[in-house]
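Reviewing the structure listed below.
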């Protein structure tokens, strides 16, 4: 399968490396020149608890040099979705899959406007990865890749994708409830990302401090209430708060993407995560004071960095 990963941040690199190691034809696409140059010169360095390895990777900054591909995996920040995909339409042939594994709400809609809804498969990732420096990432946690068609159908193309991801060790879980998948990940991120960005801790440390555990639980409870009012059946089903804690434990060594953004002085995705909970809650008459506070505190950090 010929695959382009649009956005070679830590997670894009991790997925690209695992797919390349499984024999797929993968190209990482990014505008960060030093990063692309480092990978082109020496391969992608991947560190993990089980050791270090170097993965030879195809890389590019210009989508026109890649040609048409069978799948585009979109890993850019939510606020770059429209610009990045709009500049990469040359990657698409008639049957190209556009697979979004991005955080927050609104990415599916933005991609559909650009590529057509029929191309899109959406999903979430329970993996964790951290950017160490140009050409170097740390694989910090392993989970599942949950994915589904917008229609909820079990199609031949999604069965093929499940097979490809299985071979790459990406632990695919096929789901027929796309909104439940996206909201399930939103609830998890609402409980983790802003807290780690504000306190500069690793994911697992949330559960080591009673004060932060309580804050996480309140943020998750607000998100759950909003999802209930929206009529969302979350994926996975069951005890959602315990699921969030399990994700925290599984990614305990991970430095969240939002913390990484804050530390690098970059814009975060808080408006698409905790901010989305606030907006949806306001529309539904649900109070979300903890998510409101987390959103504005992170935005204050961003402003301070600028």
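The values are calculated or read from the model by the stated rules, or taken from the named source; none is laboratory data. In this text, all values refer to a predicted model and were calculated from it rather than measured experimentally. Quick reminder, even Gly has a Cβ in these numbers, built from the backbone with ideal geometry, and neighbours come from all protein chains shown.
Annotations
- Some residue of segment 214-233 being surrounded by fewer than 16 Cβ atoms within 10 Å (Cβ to Cβ), modelled with pLDDT of 95 or more and over 22 Å from residue 180 (Cβ atoms): yes
- From the list 109, 117, the lone residue that is farther than 25 Å from residue 246 by Cβ, out of contact with any strand residue (DSSP E or B) (no Cβ under 8 Å at 6 or more places or on another chain) and touching a residue at least 12 places away in the same chain (Cβ under 8 Å) is 117.
- Segment 180-191, subset surrounded by 21 or more Cβ atoms within 10 Å (Cβ to Cβ) and out of contact with any helix residue (DSSP H, G or I) (no Cβ under 6 Å at 6 or more places or on another chain), residue nearest to residue 239 (Cα to Cα): 184
- No other residue among 234, 170, 161, 186 is within 30 Å of residue 2 (Cα to Cα) and assigned to a loop (DSSP other than H, G, I, E, B) apart from 170.
- Residues located in segment 88-101, provided they are at pLDDT 95 or above and buried (at least 16 other Cβ atoms within 10 Å of the Cβ): 88, 91, 92, 96, 97, 98, 99, 100
- Selection status of residue 70, farther than 26 Å from residue 266 by Cα, over 21 Å from the mean Cα position of the chain (by Cα) and at pLDDT 95 or above: no
- Of all residues in segment 211-268, exactly one satisfies the criterion of being closer than 17 Å to residue 197 by Cα, in contact (Cβ under 8 Å) with a residue 40 or more places away in the chain and out of contact with any helix residue (DSSP H, G or I) (no Cβ under 8 Å at 6 or more places or on another chain), namely 263.
- Inclusion of residue 79 among residues that are under 25 Å from residue 126 (Cα atoms), crowded, with 24+ Cβ neighbours inside 10 Å and not assigned by TED's automatic domain parsing to the domain that holds residue 185 is not warranted.
- In segment 249-286, residue farthest from residue 304 (Cα to Cα) [restricted to those that are in a helix (DSSP H, G or I) and touching a strand residue (DSSP E or B) at 6+ places or on another chain (Cβ under 8 Å)]: 250
- Qualifying residue in segment 117-125 (condition: more than 20 Å from residue 29 (Cα to Cα), surrounded by fewer than 19 Cβ atoms within 10 Å (Cβ to Cβ), at pLDDT 95 or above and out of contact with any helix residue (DSSP H, G or I) (no Cβ under 6 Å at 6 or more places or on another chain)): yes
So that you can scan it fast, the table gives a plain yes or no per residue for (1) assigned by TED's automatic domain parsing to the domain that holds residue 130; (2) in contact (Cβ under 8 Å) with a residue 60 or more places away in the chain; (3) surrounded by 23 or more Cβ atoms within 10 Å (Cβ to Cβ); (4) under 27 Å from residue 120 (Cβ atoms):
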residue: 14; (1), (2), (3), (4): yes, yes, yes, yes
residue: 21; (1), (2), (3), (4): yes, yes, no, yes
residue: 40; (1), (2), (3), (4): yes, no, no, no
residue: 60; (1), (2), (3), (4): yes, no, no, yes
residue: 63; (1), (2), (3), (4): yes, no, no, yes
residue: 72; (1), (2), (3), (4): yes, yes, yes, yes
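- Evaluation of residue 10 against (1) under 18 Å from residue 142 (Cβ atoms); (2) surrounded by fewer than 17 Cβ atoms within 10 Å (Cβ to Cβ) (one fails), failing number: (2)
- You will find that of 246, 211, the residue that is surrounded by fewer than 21 Cβ atoms within 10 Å (Cβ to Cβ), in a helix (DSSP H, G or I) and at pLDDT below 95 is 246 and no other.
- Restricting segment 128-156 to residues that are outside any loop (DSSP other than H, G, I, E, B) and farther than 29 Å from residue 31 by Cβ, the residue that is farthest from the chain's Cα centre (by Cα): 156
- Exclusive hit being within 16 Å of residue 142 (Cβ to Cβ) and assigned by TED's automatic domain parsing to the domain that holds residue 271, set 171, 203, 166: 203
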